[in-house]
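The next block holds one structure in the form of structure tokens; read it before the comments.
Laboratory data are not the source of any read-out in this text; all were calculated from the coordinates shown. Predicted, not measured: the structure shown is a model, and the values here were computed from it. Glycine also receives a Cβ, built like all others from the backbone with ideal geometry; neighbour counts cover every protein chain displayed.
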Amino acid sequence: MLQESVATVATPLAITPDEGLMLYEDMVLGRTFEDKCAEMYYRGKMFGFVHLYNGQEAVATGVIKALRPDDYVCSTYRDHVHALSAGVTANEVMAELFGKETGCSKGRGGSMHMFSAEHNFLGGFAFVAEGIPVAAGAAFQSKYRRETMGDASADQVSTCFFGDGAANNGQFFETMNMAALWNLPMIFVVENNRWAIGMEHVRATSDTSIFKKAAAFGMPGFEVDGMDVLAVRKVAQEAIRRARAGEGPTLMECLTYRFRGHSLADPDELRPKEEKDEWFGRDPIKILASKLTEHGLATEPQLKAIDKKIQAIVEESVRFAEASPEPKPEDLYRYQFAEDE
Ligand SMILES: Cc1ncc(C[n+]2csc(CCOP(=O)(O)OP(=O)(O)O)c2C)c(N)n1
Ligand SMILES: [Mg+2]
């Protein structure tokens, strides 16, 4: 039983050029999209709290891009980029942020409630730790369909993403217990960015190494450099293999950092400048770009072409969102329950 493993990156790079470019493109999409959100928020195009994902891209990309499209993803209120990595289009996510009918939650959810049944993207949750038991439910239904109903195709893996702050919440421990007890095909992905709004992780938890808490449930726990997409991907691939093979759940603690305030309403005055500068120097997109070029898997012009392509996709998402209709007042009561489209 693995209990306290620390993952390191395989050298030479254990990926193909196509995989490297795919990972780079997904991280650039996340970053460019979030930067555009900030711009649109300050221009008054979206309302309520908006939590951006800048700095943490290697976690979403490293895990979600190792999943199959029919696997399940549960997110938090910091959910735009998880949704994008899961395949929800930039148009649908931006339109949701603008509160438009064409958004992935039909404009009813907004920033914290992205949802897409088509992509098995189960949300977007405003309450801390809320998505963790939801992922266990998704994992349970796959297992039940496969083992009890005899559906061999029901081998989907469920993932939940949550923060260091959420890892102090009872739902984390209760769900780990059930997942281990029932040997559920799921992965707990902690994005430890060291802060829960203005509460520093080291001041809020007994043992700061969250991955060690898996051992209490007889579950493998891994700590991984969350600024290194290849390291995250490697650990995720093994966790996915285990879950799909019926070997049960895994906890991954990804050490990362958010490059912006907690939300766009946060002046970000509590985190020390030296800490921020140190982590800004470990930008996951720059780290991957250097690895790809140094190992001859990509050229600068190739990466620049991707940057340009993504810029166009994000610009288009704003045009799409602006041009989309508002929900109709007479549809106020629609979508409360499952119904025809
Ligand atoms: C149950 C609950 N308690 C409190 C809050 C207020 N709240 C919103 S975000 C947050 C901090 C969570 O930090 P963390 O889990 O580390 O995630 P991060 O924001 O760093 O991604 C808190 C306390 C909430 N949304 N839900
Ligand atoms: Mg946090």
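Brief remarks on what is shown
- Choice from L13, L288, L255 showing the highest fluctuation, given a GNM over the chain with Cα pairs closer than 10 Å: L13
- When both segment 57-129 and segment 11-36 are represented by their alpha-carbon centers, they are found 18 Å apart.
- Segment 211-341 shape via C-alpha gyration tensor axes, a/c threshold 1.5: oblate
- Share, in percent, of DSSP beta bridges within the chain that are antiparallel, nearest 5: 10
- Student exercise, segment 249-315 dipole from Lys, Arg, Asp, Glu Cβ charges, in Debye to nearest 20: 280
- Note on the chain: with a GNM built from Cα contacts shorter than 10 Å, the maximum mean-square fluctuation among Q302, Q311, Q156 falls on Q302.
- Pairwise Lys count, segment 256-341 - Cα closer than 29 Å, eight or more residues apart or different chains: 12
- Under a model in which nothing but the beta-carbon of Lys, Arg (+1) and Asp, Glu (-1) is charged, segment 34-324 shows a dipole of about 360 debye around its Cα centre.
- For the pair segment 250-307 and segment 185-200, the centres of their Cα atoms are 16 angstrom apart.
- Free-standing Cys residues across the chain, given no other cysteine C-beta under 4.7 angstrom: C37, C104, C254
- Label point distance in nm, E174-A305, each placed 7 Å from Cα along Cα→Cβ: 5.2
- Beta bridges per DSSP with both ends in segment 133-237, % antiparallel, nearest 5: 25
- Furthest towards positive pole of dipole, A214, A196, F127, structure part the chain, Cβ charges: A214
- Overall Cα dimensions of the chain - principal axes, largest extent first, Å: 54, 50, 41
- Antiparallel %, DSSP beta bridges [both residues in segment 175-309], to 5: 15
- Kirkwood Rh (inverse of mean 1/r, distinct Cα pairs), segment 65-205, angstrom: 15.6
- All lysines inside 23 Å of K213 as judged from Cα atoms, apart from same-chain residues fewer than 8 positions distant: K234
- Extending 7 Å from Cα along the Cβ direction at S206 and again at E274 yields two label points whose distance is 3.1 nm.
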